[in-house]
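Chemist: The structure is given below, and queries will be raised subsequently.
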Amino acid sequence: MKINILEQLAASRQNLEHILDHLPEGIIGHDLNRKIIYFNRTAEALSGYPKSEVVGKDCHEVFGVPFCGKNCSFCDQPPETWTRLSYPCNILTKSGEPRQLQMSVVGMRDEKGRLVGVLAAFQDITSLAGLKLWTEELSGFAGIVGQNPQMLQIFKQIKALAVNDYPVLITGETGTGKELVAAAIHCESRRSRNPFVPVNCGSLPEGVVESELFGHVKGAFSGAIRDKKGRFELAHRGTIFLDEVRELPKAMQVKLLRVLESGAFEPVGGEKTVVVEVRVLSATNRDLKREVEKGHFRQDLYYRLNVVPVHLPPLRERRDDIPLLVEHFLSLAEKRGQRTARFTPEALALMRRYAWPGNIRELQNAVHYALARGEGALLGPADLPPEVREGPAKPGPDRKLEAATVQAALKQCRGNKVQAAKLLGVGRATLYRFLKSHDTPMYHQ
């Protein structure tokens with residue numbers, strides 16, 4: 001019986017490698033210890049790493065991070081079982097060029113069916129992703145869901161901003177996804193293998209802001225029992241995201257300006273200067289230029305942060321994205337093991353009419369509310385939160401409050417003014433002044 005010529009060719013390691021070297025996809029294989037056993041020519045071309053620098057080494061060590069990004073199944077120990085995986089991921093070539101790949105990973109097994117390693121095939125889809133972006137065929141980008149023209153422009157901005165290190169100021173109402181955009185800029189950039197460190201400046205008590213940002217040395221103050229690195233030092237070579245940057249005290253604004261100019265600072269109680277190399281992204285739900293005019297924010301710092309502005313539209317200006325977002329939240333809930341459900345057209349129509357003062361965060365809460373309340377496979381108007389069922393709210397822009405909007409927010413937050421202010425996208429002081437100057441009835445349980 002004659003052996004098939006293809007079987008003969010495949011039986012020879014030399015011939016098999018010759019075949020794999022001429023595939024249009026990159027091929028990388030490693031054993032259970034992440035030791036790379038194969039790396040074809042296309043993989044060399046796409047990654048910029050020669051085979052001689054790769055084969056025989058731990059893939060995490062040779063590439064600096066897991067080659068397959070956050071989807072690595074071998075970060076801790078080899079998995080006991082394996083399912084074929086397919087996903088996009090971002091890598092940096094040896095020269096530091098960001099590329100987007102489509103990965104397909106399969107398990108390699110021995111004659112007894114035991115997992116002995118994995119083989120990954122990958123294609124460069126950087127240009128394909130860019131083409132979809134520019135032809136407006138995307139329904140989401142870098143973890144952000146949206147197809148509205150305003151969102152497509154933001155996706156393009158993220159893509160463009162990822163290739164440089166300019167400071168970016170992200171503006172938009174509370175709940176519009178400013179941190180998601182900051183994380184996307186970081187993850188698409190060549191800094192993606194280094195830390196992304198978010199800091200909510202509005203939640204830090206004034207007495208600990210300096211220590212949180214710049215660290216402290218042992219004995220610097222009561223309770224400082226050891227040296228502690230600050231957020232800037234933790235973000236070295238990566239990205240720091242300063243959310244609610246307007247809330248920084250004036251003294252910290254001065255120190256932040258120095259860090260932006262020189263990359264240098266001293267920890268609290270320390271004498272040694274620390275130098276870091278960090279990209280700074282910041283965000284606010286305020287009109288920062290107006291805050292400068294009022295004397296609440298330093299003008300020189302404003303110009304340092306606002307090199308490239310990115311503005312996120314409120315959800316009421318991108319209502320066509322609501323069905324996409326609802327489907328996304330339902331899908332996430334299903335992946336977490338919650339029951340499968342869908343909204344009726346009537347419920348979706350109500351959600352599209354509502355003005356969403358809390359934006360995407362409030363929409364997500366409404367989906368969770370309906371999933372907890374509903375019982376069947378279909379979720380109708382009766383399963384939605386009362387404020388959505390009762391009709392569209394009409395919130396104005398930040399700092400332009402209306403009595404009905406404030407009352408609705410207080411009702412939703414059960415009278416908690418701090419939570420209501422966050423929902424409305426204003427500071428607590430703004431809400432307190434409004435309540436004092438308007439005869440707005442308070443909500444009582």
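The values are calculated or read from the model by the stated rules, or taken from the named source; none is laboratory data. Remember, predicted model here, so these are calculated numbers, not experimental data. Methodologically, a virtual Cβ is constructed for each residue, glycine included, from the backbone with ideal geometry; neighbour enumeration extends over all protein chains shown.
Chemist: Which of (1) under 30 Å from VAL254 (Cα atoms); (2) modelled with pLDDT of 80 or more; (3) surrounded by fewer than 20 Cβ atoms within 10 Å (Cβ to Cβ); (4) in contact with a strand residue (DSSP E or B) (Cβ under 9 Å, 6 or more places away or on another chain) does VAL116 not meet, given it meets every other one?
Modeler: Just one mismatch for VAL116, condition (1).
Chemist: Across segment 229-264, what is the number of residues that are touching a strand residue (DSSP E or B) at 6+ places or on another chain (Cβ under 6 Å) and of a type in the set (Ser, Thr, Tyr)?
Modeler: The qualifying residues number 1.
Chemist: Filter segment 69-95 down to residues that are modelled with pLDDT of 75 or more and assigned to a loop (DSSP other than H, G, I, E, B) and give me whichever is surrounded by the most Cβ atoms within 10 Å (Cβ to Cβ).
Modeler: It comes out as PHE74.
Per-residue answers, yes or no, for (1) in the same structural domain as PHE241 (by TED's automatic domain parsing); (2) at pLDDT 90 or above:
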position	(1), (2)
VAL307	yes, yes
ASP321	no, no
SER331	no, no
ARG339	no, no
ALA349	no, no
TYR369	no, yes
LEU384	no, yes
ARG399	no, no
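Chemist: Quick check on my filter: what residues within segment 273-301 are assigned to a helix (DSSP H, G or I) and touching a residue at least 60 places away in the same chain (Cβ under 8 Å)?
Modeler: LEU288
Chemist: Shifting gears a bit: Kindly provide the set of residues from segment 49-65 that are at pLDDT below 85 and outside any helix (DSSP H, G or I), ordered by number.
Modeler: Passing the criteria: GLY64, VAL65.
Chemist: Shifting gears a bit: Within segment 265-284, identify whether any single residue is buried (at least 20 other Cβ atoms within 10 Å of the Cβ) and of a type in the set (S, T, N, Q), and answer yes or no.
Modeler: Yes; the residues of segment 265-284 include at least one that is buried (at least 20 other Cβ atoms within 10 Å of the Cβ) and of a type in the set (S, T, N, Q).
Chemist: Criterion first (over 18 Å from GLU173 (Cα atoms) and out of contact with any Cys (no Cβ under 6 Å at 6 or more places or on another chain)) does LEU234 satisfy it?
Modeler: yes
Chemist: Starting from segment 327-342, keep only residues that are part of a helix (DSSP H, G or I), then list their pairs with residues that are of a type in the set (S, T, N, Q) whose Cβ atoms are within a distance under 7 Å, requiring at least 6 positions of separation or different chains.
Modeler: PHE329/GLN364; GLU334/THR340
Chemist: Could you list, in sequence order, the residues of segment 23-48 that are closer than 17 Å to SER104 by Cα and part of a loop (DSSP other than H, G, I, E, B)?
Modeler: If the condition is that a residue be closer than 17 Å to SER104 by Cα and part of a loop (DSSP other than H, G, I, E, B), then LEU23, PRO24, GLU25, ARG34, ASN40 are the ones that fit.
Chemist: Name the residue that is surrounded by the most Cβ atoms within 10 Å (Cβ to Cβ), counting only residues in segment 302-317 that are β-branched (Val, Ile, Thr) and outside any loop (DSSP other than H, G, I, E, B).
Modeler: VAL310
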